[in-house]
1. Quick one: which residue in Ala82, Ala88 is of a type in the set (Gly, Ala, Ser), within 25 Å of Pro163 (Cβ to Cβ) and out of contact with any Cys (no Cβ under 8 Å at 6 or more places or on another chain)?
2. Residue by residue through region 73-82, note down the ones that are buried (at least 17 other Cβ atoms within 10 Å of the Cβ) and of a type outside the set (A, V, I, L, M).
3. Is it true that Gly23 is on the phi > 0 side of the Ramachandran plot and over 23 Å from the mean Cα position of the chain (by Cα)?
4. Filter region 67-95 down to the residues that are within 13 Å of Gln179 (Cβ to Cβ) and aliphatic (A, V, I, L, M) and list them by number.
5. Out of Ile222, Ile237, I need the residue that is β-branched (Val, Ile, Thr), on the phi < 0 side of the Ramachandran plot and either at pLDDT below 95 or over 14 Å from the mean Cα position of the chain (by Cα) (or both). Which one?
6. Please tell me if Gly194 is at pLDDT below 95, farther than 23 Å from Pro57 by Cα and in contact with a Leu (Cβ under 9 Å, 6 or more places away or on another chain).
7. Which one is farthest from Ala53 (Cα to Cα) among residues in region 170-179 that are crowded, with 20+ Cβ neighbours inside 10 Å and not hydrophobic (A, V, I, L, M, F, W, C)?
Amino acid sequence: MSGVVTFVHPTLIQGKQNSINGGVFDAMLDDTTCTDRNNSELEVIMRVYFFDAFNDPAITTKDPTDPNKGFAKDHDGVEFNATPWDPAKLIVWTRKAVTTAQKFWHGKFWLETPSTYSGLDITLGSQKHRPNVWCRFDVEATTTEAGSHFKIAVANISTPKDPTHGFQYRSNMLLYDVQDPINTKKHEVGHLLGLDHPGGNCNNAACYNTADDDIMGSGKSILPRHALPWQKAMATITSTNKDDWKVHQCKVFPKRV
């Protein structure tokens with residue numbers, strides 16, 4: 001049948017829905033893009049269902065005298081004044097959050113194909129070439145929980161119930177809020193990809209502090225270690241070792257072999 005593309009490599013479906021450790025996504029390796037100048041493409045695909053935290057009794061306690069008022073708990077259990085989302089505004093917020101995450105994480109890494117792996121090799125004329133792997137990211141907002149990798153509550157909060165606790169609502173990877181800054185969205189999607197803080201899977205100050213401006217700490221930048229989800233996906237798809245796939249942050253062209 002004309003126009004049908006057959007992928008030699010299997011599609012990876014990794015992880016359990018709503019895993020508290022992240023790392024849940026689909027991944028597809030496309031080697032039909034390979035030439036002597038172009039690499040294969042590994043696309044990590046993540047589907048997220050965003051919903052109004054006001055409708056989740058585990059997060060929001062509604063005011064018994066006013067159904068449009070309540071208190072939404074943050075990651076630490078601190079309560080903030082909350083109201084229901086206008087559905088249209090939640091859609092706009094979701095669209096912006098998805099765009100922010102995709103622009104930040106998409107296309108930032110190239111994995112150098114190990115010298116011991118020939119599964120991506122192509123022959124053009126009499127010359128054999130070994131393409132590398134460009135790491136793509138596609139995050140999609142779904143309209144229902146079915147088929148999503150993650151279900152994320154978004155709280156429409158204003159001020160804290162008790163100002164002595166401070167005015168910043170503390171989010172996590174499955175709980176966002178209307179006031180989240182851009183870097184928080186980038187950081188939390190990193191957790192969805194399965195990335196930890198620089199100091200490990202913990203939440204004290206030492207876990208966030210880093211000297212290299214790490215987005216998964218208190219910084220703003222993508223670093224080579226953040227390619228780990230793509231390395232793991234390649235290792236699974238190709239039955240290789242993740243550490244064999246050397247990370248680059250600029251394009252690495254195919255080489256002759």
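The values are calculated or read from the model by the stated rules, or taken from the named source; none is laboratory data. Quick caveat, the model's predicted, so the values are computed rather than measured. Positions of Cβ are backbone-derived with ideal geometry, glycine not excepted, and every protein chain shown enters the neighbour counts.
1. Working: Ala88 fails: within 25 Å of Pro163 (Cβ to Cβ).
Residue meeting the stated conditions: Ala82.
2. If we filter region 73-82 for residues that are buried (at least 17 other Cβ atoms within 10 Å of the Cβ), which is where we start, we get 73-74, 78-80, 82.
Selection gives Lys73, Asp74, Glu79, Phe80.
3. Details: on the phi > 0 side of the Ramachandran plot: yes; over 23 Å from the mean Cα position of the chain (by Cα): no.
Spelling it out, it is not the case that Gly23 is on the phi > 0 side of the Ramachandran plot and over 23 Å from the mean Cα position of the chain (by Cα).
4. Hits for region 67-95 are Ala72, Ala82.
5. On the way: Ile222 fails: either at pLDDT below 95 or over 14 Å from the mean Cα position of the chain (by Cα) (or both).
Result: Ile237 is the single residue among Ile222, Ile237 that is β-branched (Val, Ile, Thr), on the phi < 0 side of the Ramachandran plot and either at pLDDT below 95 or over 14 Å from the mean Cα position of the chain (by Cα) (or both).
6. Working: at pLDDT below 95: yes; farther than 23 Å from Pro57 by Cα: yes; in contact with a Leu (Cβ under 9 Å, 6 or more places away or on another chain): yes.
Criteria met by Gly194.
7. Ser171
Yes/no per residue for (1) within 28 Å of Phe71 (Cα to Cα); (2) in contact with a Phe, Trp or Tyr (Cβ under 8 Å, 6 or more places away or on another chain); (3) of a type in the set (S, T, N, Q):
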| site | (1), (2), (3) |
| --- | --- |
| Lys161 | yes, yes, no |
| Tyr169 | yes, yes, no |
| Asp177 | yes, yes, no |
| Leu192 | yes, yes, no |
| Met216 | no, no, no |
| Ile237 | no, no, no |
| Asp243 | no, no, no |
| Gln249 | no, yes, yes |
